[in-house]
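Every number here is computed from the coordinates shown, using simple stated rules; none is lab data. Given the structure is predicted, the values throughout are model-derived calculations rather than measurements. Backbone-built Cβ (ideal geometry, glycine too); neighbour counts: all protein chains shown.
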Amino acid sequence: MLGRKAKEAVAFTLFRGCALLVVLALAVILGYILTGGLERMSVEFLTGMPRRANTQGGILPAIVGTFYLMLIVLAISVPIGVMAAIYLVEYEQSSWMGRVFRLAVYNLAGVPSIVYGLLGLGIFVAYLGFGFSLLSAGLTLSIMTLPLMISSAREAIAAVPGAVREASYALGATKWQTIRHHVLPYALPGIFTGIILSVSRAAGETAPLMLTGVAMSLQRLPDNLFDSFMALPYHVFYMATQSSDLQATRPIQYATALVLLLLVLGMNLFAIVLRKRYRDKYRW
Amino acid sequence: MAPRTTFNYEMEGLQKEITEMANASRAAFEKAVRMITDGDLSLREEVRALDRHVYELNEQIDEHCLDIIALHSPVASDLRLISACLKMVEDLNRFGRYATDIAELIDDFEEGKAFKRFESLRSMSCLVVGMVDDAVYSFLQRDAEKASHLHERDDAVDSLYDTIFREILTYMMEDPRKITVGIDLILVARYMERVADHACNIGEYVYHMVTGERLDPKLRTGAGERPPRGIFEHPNPRTELDLK
Amino acid sequence: MTIAIHTDDLHVYFDRNHALKGVGMDIEMNQVTAIIGPSGCGKSTFLRCINRMNDLIPGCVVKGRVMVNGQDVNADEVDVVDVRRRIGMVFQKPNPFPKSIYENVAYGPRLHGVLEGANGKMRRRKHAKAELDAIVERSLRRAALWDEVKDRLDKSGTSLSGGQQQRLCIARTLAVDPEIILFDEPCSALDPIATAKIEDLLVDLKEDYTVVIVTHNMQQAARISDRTAFFYLGELIEMGETKQIFERPQKELTEQYITGRMG
């Protein structure tokens, strides 16, 4: 029978192996996409319009479209999410209403993205008359992101030690003053993490876009919120399934995916930097 | 199990020691007086032995009290007990000391004959032995009431001493050959008067230990105050001294 | 001998738990009053009634009167924010804000501004920087911390040692110029030397403030307080001069507790 030390070594190796697997998976994805798409990457690709039914030219509208979408999601889900999270933590801790709210958020997070798409189609596109536009897609994505945003913001806020709140109250601060001067600033690192997670997810969603009006190919950039738009994830899908010559456009698919990945990773990096800066400012 | 086991153990040990010392010094004094009333000179060695024991216990208890104070921070009744112990050991020591002194003096008597002639001396010794008893018992039984009445008898003892002094003076003046004996007798009376004072002290300590209040200092002087009547009536008069 | 705090038949309930039962006591001005008792006897609950910190606990009901300088702190017209400014609190575990030392002390004054005016028309305005600097220095000096931190006021409050952090919390409380300061077991997380420094500080503070300290360390209560109150199972059992409590307690329960024979 294996001795204690041997058993530990086996377990350890197993755990390390699993962790390595994860890293491996990421490496494979990156590698695959890099090798597949690097050849097509060029300044023209990134800044030009698509030509010849997407088989040539660039994907600027898609990049810009995804970018605008993320902006909309940020603008809507961050304030609403953070404020809802503050409310949940600070104001309705144990009453039945608080419980109902929390339940609603959890359940909302489990709704499939295609259902959100239908929701967007029904409410924003049709009922409110926004049509197939950036606004409809953006709103849909925002609602989809909201539960995740609220959950992580809520955790970040709840993680602020009660002792700090008590100290603030004992000095004669009101609840709102305490939140504004202490709870929110100290929860910022966690909130940023939440933003990263949420917006990254929103950037890569395809199903809601399909139902709220993403275009296959546009020759121009969107002028306003009600305009039609392209988006990177949908572009990858479209190129991989619908384009006229799958073989030829393969590099374009990979390149688009690469751009999307880089965009998301870039955002992650930016938010990590921000998080670190705030963490240093309020060192526990 | 009660908390503070070490502390409780130490306090119980202290109680045992102080009880032992109180009984030993009481016994020493009683035996010394008995030597005089019954002329039993054989008791002298016992008195000496008891005195030595008392002296050792004095040091032991002193040390023990300081240890408890340093290590256990006693408060309230524990603190008052220790305060009483620290002070009492000195007075108990004196009981033993005076007992030995009296025992030494008996050598020079013609077998206590002279002593028997002086009734006042005899009643004084009864009274003082009673006071010593009461002092010790009031401590053992934590009886503040008993302790507070010791003062009354001290005044009686003091006036008895004056009486005896005059008596013996007359005795010595009658016959100069009796001077040596007379002086010894006066010394014995003096020692007993001192023992009574120490018994009173113990009464004060016991009173404070039990109630936390100090006994009224006015009682101490006794000046201008006549001892209450019937003071020679000891509540439990002893016809013979029972020595335990 | 003025009474700073007076409670009358004070009851506190946490949901169904009757935590304080009819507590009535007087706390004198400019004295150190210690509250002792076994765990869970209600001492901290009582303390928190004084500056209405129990309001923050959901399900807590307070009945009875708590009068501070003649005013009922639970009255409807009383502003709880003002109550908490005038009655400061220092907690068991030092909890400085993770901001700079300067910011820690300046937070309170910044919050409340300066009340000034004449002829009955009072106005609140913000402190000028120089005023804040003066307040910070004065508070840190009073808390016996100035010399140790004066050249690193911009360092984080959490970079200090435990004892220093606690003194920082005290300075922070002093900065809003309270009348009464409540201490909830302030030294239980500190080593003996830090504890001794804070005990000295407490005795010094009573000159200008009324100090109430909850402690489970009886020797500490005996060392620094003028009056001591003994709580047991939510009731006030005995209260009196510290000397009297520790040399001649009147109640059997008190005697049992302080000689360690309870439990």
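General observations
- Across A:Gly57, A:Gly138, A:Gly172, mean-square fluctuation computed from a Gaussian network of chain A (C-alpha pairs under 10 Å connected) peaks at A:Gly172.
- In order along region B:174-183, the phi-based Karplus estimate (6.51 cos²θ - 1.76 cosθ + 1.60, θ = phi - 60°) of 3J(HN,Hα) comes to 4, 9, x, 5, 8, 4, 4, 4, x, 5 Hz; Gly and Pro are listed as x.
- Between region B:1-37 and region A:134-184, the alpha-carbon center distance in angstrom: 72 Å
- Given chain C, longest segment not containing exposed loop GluC sites (Glu not before Pro) (DSSP; at most 14 other Cβ within 10 Å): C:78-206
- Within chain A, the longest run free of trypsin sites (Lys or Arg not before Pro) that sit in a DSSP loop with at most 14 other Cβ atoms within 10 Å is A:53-219.
- Sequence-distant residues sharing a close amide H with C:Ile237 (under 5 Å, placed H): C:Phe230, C:Phe231, C:Tyr232
- For C:89-100, mean number of other protein chain Cβ atoms within 10 Å: 5
- In this structure the amide hydrogen of C:Ser100, modeled in the peptide plane, comes within under 5 Å of the amide hydrogens of C:Gly157, none closer than 5 places in sequence on its chain.
- Under the Karplus curve 6.51 cos²θ - 1.76 cosθ + 1.60, θ = phi - 60°, whole-Hz ³J(HN,Hα) for region A:73-86, x wherever Gly or Pro sits: 4, 4, 4, 8, 6, 5, x, 4, x, 5, 5, 4, 5, 4
- Springs join every pair of Cα atoms under 10 Å in this Gaussian network model of chain C, and among C:Val23, C:Val114, C:Val66 the largest mean-square fluctuation is at C:Val114.
- Chain A: most fluctuating residue of A:Pro222, A:Pro208, A:Pro147 per GNM, C-alpha cutoff 10 Å: A:Pro222
- Rounded, prolate or oblate (a/c below 1.5 giving rounded, otherwise prolate when a/b exceeds b/c) for chain A by Cα gyration tensor: oblate
- Rg(Cα) / (2.2 N^0.38 Å) computed for the protein assembly as shown, rounded to two decimals: 1.60
- Normalising the average separation of contacting C-alpha pairs (under 8 angstrom, six or more residues apart) by the number of residues puts the relative contact order of region A:1-71 at 15 percent.
- Mean residue ellipticity (222 nm) of the protein assembly as shown, computed from DSSP H runs ≥ 4 via -39,500 (n - 2.57), nearest 500: -20000 deg cm²/dmol
- Spatial separation of Cα centroids for region A:214-250 and region C:55-84, in angstrom: 64 Å
- Taken residue by residue and averaged, Cβ atoms of other chains lying within 10 Å of the Cβ of A:153-163 number 1.
- Shielding of peptide B:75-84 by partners, expressed as the average count of other chain Cβ atoms within 10 Å per residue Cβ, is 4.
- Scalar couplings 3J(HN,Hα) for region A:123-131, obtained by applying the Karplus form with A = 6.51, B = -1.76, C = 1.60 to θ = phi - 60°, are 8, 6, 6, 8, 4, 7, x, 6, x Hz; x denotes Gly and Pro.
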